[in-house]
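The values are calculated or read from the model by the stated rules, or taken from the named source; none is laboratory data. These numbers come from a predicted model, not from an experiment. Cβ placement follows ideal geometry from the backbone for every residue including glycine, while neighbour counts extend to all protein chains displayed. Note: accessible area is taken over every heavy atom of the protein model, side chains too, but ligands, DNA and RNA are not part of it. Shrake-Rupley method; radii C 1.70, N 1.55, O 1.52, S 1.80 Å.
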Amino acid sequence: MLTIREMRAEDASAVLPMVRDFYHSPAVEHEVDTAVLERTFRDAVDRAEPFLRGLLLLEGEKSVGYCYVTGYYAAEVGGRCLMIEELYFTPDCRGKGYGTQVFQWIMDQYRDYKRLRLEVTEANRRAVQLYERLGFRFLQYGQMVLDRE
């Protein structure tokens, strides 16, 4: 059975290895500095950080995944949107329906949000199949970024 709860600072030893696995998988197309990944974890467990929420995914008492979500407003939908920043499960917990459960939980928790959004690489075929089955569709926007330190 999957349980979802808020991440806590003491979860670092369970979460950070999963974060590193995520960033060395087909889900990510570029390198990200370890210091950035650690800072993101600290922000996700900091209740004073209003933009990032960290979720720990548990099978019984065992940490088997994590999820980061963040909200924003989008003019094109006229309301709040939720970005599923990262969703990761350990290899032994994939294909058990847990991803569907996480999305059901998210949809229940964020009922007033007009759009759920996520990023996915083409190489991550199983994730694409899950997202399409849940009703997600590809937007035809290109993305541009300007990273600032």
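What the table below lists for this structure:
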{"item": "Looking only at the stretch 17-38, and only at residues there that are in a helix (DSSP H, G or I), touching a residue at least 12 places away in the same chain (Cβ under 8 Å) and open to solvent by 30 Å² or more (accessible area, probe 1.4 Å), the one that is farthest from Phe103 (Cα to Cα)", "result": "Thr34"}
{"item": "Counted residues, the stretch 120-149 - those being charged (D, E, K, R) and either open to solvent by less than 40 Å² (accessible area, probe 1.4 Å) or modelled with pLDDT of 95 or more (or both)", "result": "3"}
{"item": "Any hit, the stretch 79-86, residues being assigned to a strand (DSSP E or B), open to solvent by less than 40 Å² (accessible area, probe 1.4 Å) and more than 23 Å from Asp147 (Cβ to Cβ)", "result": "yes"}
{"item": "Check on Gly99, within 23 Å of Pro17 (Cα to Cα), open to solvent by less than 50 Å² (accessible area, probe 1.4 Å), modelled with pLDDT of 95 or more and not hydrophobic (A, V, I, L, M, F, W, C)", "result": "yes"}
{"item": "First in the stretch 41-56 and open to solvent by less than 50 Å² (accessible area, probe 1.4 Å), second anywhere and part of a loop (DSSP other than H, G, I, E, B) and at pLDDT 95 or above, Cβ under 7 Å, 6 or more apart", "result": "Ala44/Met7; Ala44/Leu52; Val45/Met7; Val45/Arg8; Gly54/Met7; Leu55/Met7; Leu56/Met7"}
